[in-house]
Structure formats: C-alpha cells, structure tokens
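Okay, structure first, notes after.
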Protein chains: 2
Amino acid sequence: MAEAWGLDARLVADSHFVADLALCQARLMDRAAWPWLVLVPRRAGAVELFDLGDADGTLLARETAAVARRLKQAAGADKINVGALGNIVAQLHVHVVARRAGDLAWPGPVWGVTSATLADADRTAWVTRLRAALTGL
Amino acid sequence: MAEAWGLDARLVADSHFVADLALCQARLMDRAAWPWLVLVPRRAGAVELFDLGDADGTLLARETAAVARRLKQAAGADKINVGALGNIVAQLHVHVVARRAGDLAWPGPVWGVTSATLADADRTAWVTRLRAALTGL
C-alpha cells in the first residue's frame, strides 16, 4: 500500500495553510520580515526534486513560477527568491520568498536569518491576501 | 531585433564553463567548500523564473532535476540545494549545490558564506568529472 502523504511537523508548526494547488499545498511561513510562501508537493516520500517524475516535476515548475509571479505582485517585491534546500526538514518543499532591497537579510538569503513571527492580525491579512492572489491556480 | 544572450560578467568571473545543455549553460562555481553548479538559461533578459515561457520553464525544471541527480552522485552528497535568488546578479541563474552534513555552512545556506576558491588542479578535475557526469543531457 502506498504511503499516505502528510506534512512534516516542523512545517506545520512554522507555517499556515493558504491553498491546495493541483500538486502542492501552499503555506505562509510565519516570518514578519518577508512575505514567504512554501510549496509542498503532496507526494509521500519525496526529498529531492528528482524524486518527482517528469509530469509532477513540470507541474511543480509551473506552480512555482505562477506563485512567484503572483507573490511578487501581491507583495510589491523587488525580487523573488526560490529555493529547495531541505538540509533541516527533509520533506521536499520549495520556498518562494518576496524580497525588497534593504529588507532584514538583503542581499543575502533569508534561510538561517532570525525574524519575528507574524502578529495575529498580519498573519490573517496575509493568508487572506495570498489566498486571493493564488485563486485559479 | 532580439537581444543576444550573453553571460553576466560576475558569473564569468566567478565560475567555469562545464557544458551547454539544451537550454542552460552549466558552470562550476569557483568554491572549494562545495561542488556547486550554476545553470544559466540561454535566454536574453530573463530575471525571474516566470520570465521563461511554459516550454522553457519545463526544460529548466528537467535540466535542474537531472543535473541535481548527477551532481549528487558525482559528489557523493547527502543533499542537493537548489536556489534561484538573483539579489546580486539579476540574470536568471539556478544554483545546484552538493551538500554534506558538516560542510562549511551546514545546515545553513551556502549563499553569502565565504569559501576559498578552487586550486587549479581541483578546478580542472571537477570540470572534467562534471562534464562527464552531465554527458547525454
């Protein structure tokens, strides 16, 4: 029997549900410094990008690009950073981060940089805004 | 007339030619701490992933996954890190980095971490090894 897909406990604790796309669950990372989505392909056992087959790999690329485009607009970002690292949480997940010149980590990467978590009102507002931005994907 | 593709001067200075794939030029980053390839789509003007059309986006995803798989094997890596940041060099480029538990930046990201450059013999050896590893892509 195939292993059921489930979300790593650290991703659950560190992010908030936004939307289920065709392949990925989109979640808002709980960081006040950057509007930051994480895309988690709903495929059990995937760790590296090449663990996905060609069809899922294509779908992930399209969802990543579409989410990047919409996040950039929703956040008024200067640049989108995309990364799949997985050094700490092995479950395959793709970060899509809205960056602005001069933000907390600029021009360095956001990973490993400590940021405050989102205030409740901000979290609710961003989830609502991003859910609207991703409508139709 | 369409703008001709060319490589950003900082990428030229910071990396060494390995191979031309169907879409991307694969280059070895000049860092002793990590076997590290960068894939540069040969498309003039592309900055964000979504600047590529669907066909090129699919091709980039396939080349990234295939290069990640072969780099992981060639380097005996524990994990591959993939990232498209572009905060400093705007030209669209995708990093594919071989990581080992306990390496210079582990488990943090490699971007922004200072590493020695490759000794001449190591550079030549890695270019040769990776060119062989990417054969047929």
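The values are calculated or read from the model by the stated rules, or taken from the named source; none is laboratory data. Treat the numbers as computed from the prediction; the structure is a model and nothing was measured. Positions of Cβ are generated from backbone atoms using ideal geometry, with glycine treated the same way; all protein chains shown enter the neighbour counts.
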Q.
Tell me the residue from A:ARG123, A:ARG69 that is within 12 Å of chain B (Cβ to nearest Cβ), surrounded by fewer than 21 Cβ atoms within 10 Å (Cβ to Cβ), in contact with an Asp or Glu (Cβ under 8 Å, 6 or more places away or on another chain) and not aromatic (Phe, Trp, Tyr), please.
A. A:ARG69
Q | Number of the condition not met by B:ASP54 [criteria: (1) within 16 Å of the chain's Cα centre (by Cα); (2) closer than 26 Å to A:ARG70 by Cβ] | A | (1)
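Within the bounds of region A:41-50, is there any residue that is facing chain B (nearest Cβ under 10 Å) and free of Cβ contacts under 8 Å to residues at least 40 places away in the same chain? Steps first, please.
Start the filter on region A:41-50 by keeping residues that are facing chain B (nearest Cβ under 10 Å), which leaves A:47-50.
With the extra rule that they be free of Cβ contacts under 8 Å to residues at least 40 places away in the same chain, the set shrinks to A:50.
Yes, region A:41-50 contains a residue that is facing chain B (nearest Cβ under 10 Å) and free of Cβ contacts under 8 Å to residues at least 40 places away in the same chain.
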Q: Residue by residue through region A:34-63, note down the ones that are surrounded by fewer than 18 Cβ atoms within 10 Å (Cβ to Cβ) and among the small types (Gly, Ala, Ser).
A: A:ALA44, A:GLY45, A:GLY53, A:ALA55
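Can you say whether B:SER115 is more than 8 Å from chain A (Cβ to nearest Cβ), surrounded by fewer than 17 Cβ atoms within 10 Å (Cβ to Cβ) and farther than 18 Å from A:ALA84 by Cβ, as far as the supplied structure shows? Give the steps one after another, and end with the answer.
On the way: more than 8 Å from chain A (Cβ to nearest Cβ): yes; surrounded by fewer than 17 Cβ atoms within 10 Å (Cβ to Cβ): yes; farther than 18 Å from A:ALA84 by Cβ: yes.
So B:SER115 passes the test.
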Q. Taking A:ASP78, is it closer than 18 Å to A:VAL12 by Cα and at pLDDT 95 or above?
A. no
Q: Could you please let me know if A:ARG131 is more than 7 Å from chain B (Cβ to nearest Cβ), surrounded by fewer than 20 Cβ atoms within 10 Å (Cβ to Cβ) and over 22 Å from B:ALA77 (Cβ atoms)?
A: yes
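Based on this model, can you work out whether A:GLY83 counts as in contact with a His (Cβ under 6 Å, 6 or more places away or on another chain), at the interface with another protein chain (Cβ under 7 Å from one of its Cβ atoms) and either buried (at least 20 other Cβ atoms within 10 Å of the Cβ) or aliphatic (A, V, I, L, M) (or both)? Even if it seems obvious, please write down each step before you answer.
Values: in contact with a His (Cβ under 6 Å, 6 or more places away or on another chain): yes; at the interface with another protein chain (Cβ under 7 Å from one of its Cβ atoms): yes; either buried (at least 20 other Cβ atoms within 10 Å of the Cβ) or aliphatic (A, V, I, L, M) (or both): yes.
Judged against the criteria, A:GLY83 is a match.
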Q. Failed condition for A:VAL12, given (1) touching a residue at least 12 places away in the same chain (Cβ under 8 Å); (2) under 13 Å from the mean Cα position of the chain (by Cα); (3) surrounded by fewer than 21 Cβ atoms within 10 Å (Cβ to Cβ), with all others met?
A. (1)
Q) What is the one condition in (1) touching a Leu at 6+ places or on another chain (Cβ under 6 Å); (2) free of Cβ contacts under 8 Å to residues at least 60 places away in the same chain; (3) closer than 17 Å to A:GLY86 by Cα that A:LEU23 does not satisfy? A) (3)
Q | Filtered residue count, region B:83-129, keeping only those that are assigned to a loop (DSSP other than H, G, I, E, B) and touching a helix residue (DSSP H, G or I) at 6+ places or on another chain (Cβ under 6 Å) | A | 1
